[in-house]
Amino acid sequence: MELALIADLSTNFINEIENEKKWPSIGSLAKLVRALSVEPVHFFAPETIVFNDTEMLKAELSTLITAIVNERIERYAGNPPIGPEANKPKMG
């Protein structure tokens, strides 16, 4: 219930996401990322990635997914970017 309040989403919707009955939109995903204070990669990358350089892979995945999510948030939701990209000046 607390997550639903912080993320401004219904308790039922959070429950349906947790039970894989519904998938969050980009806007809802952005609300969850902000409410949980995590990077978007946490919703997409498995916790147990087995590669030679796991930390480098996680960093690259995090950067890539954060950039994709931020681009979609800006395009579709009109919200400011999240994560480390939020503080970078825009190019071009």
Could you list, ordered by first residue, the pairs with Cβ atoms under 7 Å in which the first is in the range 18-34 and within 14 Å of A4 (Cβ to Cβ) and touching a residue at least 24 places away in the same chain (Cβ under 8 Å) and the second is hydrophobic (A, V, I, L, M, F, W, C) and surrounded by 12 or more Cβ atoms within 10 Å (Cβ to Cβ), at least 6 apart or interchain?
K31/A7; K31/L9; L32/A7; R34/I82
Does at least one position in the range 8-24 carry a residue that is modelled with pLDDT of 90 or more, assigned to a loop (DSSP other than H, G, I, E, B), out of contact with any Asp or Glu (no Cβ under 7 Å at 6 or more places or on another chain) and of a type outside the set (D, E, K, R)?
yes
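The values are calculated or read from the model by the stated rules, or taken from the named source; none is laboratory data. Predicted model, so just to flag it, every value in this text is computed and none were measured. Cβ coordinates were reconstructed from backbone atoms using ideal geometry, including for glycine residues, and neighbour counts include every protein chain displayed.
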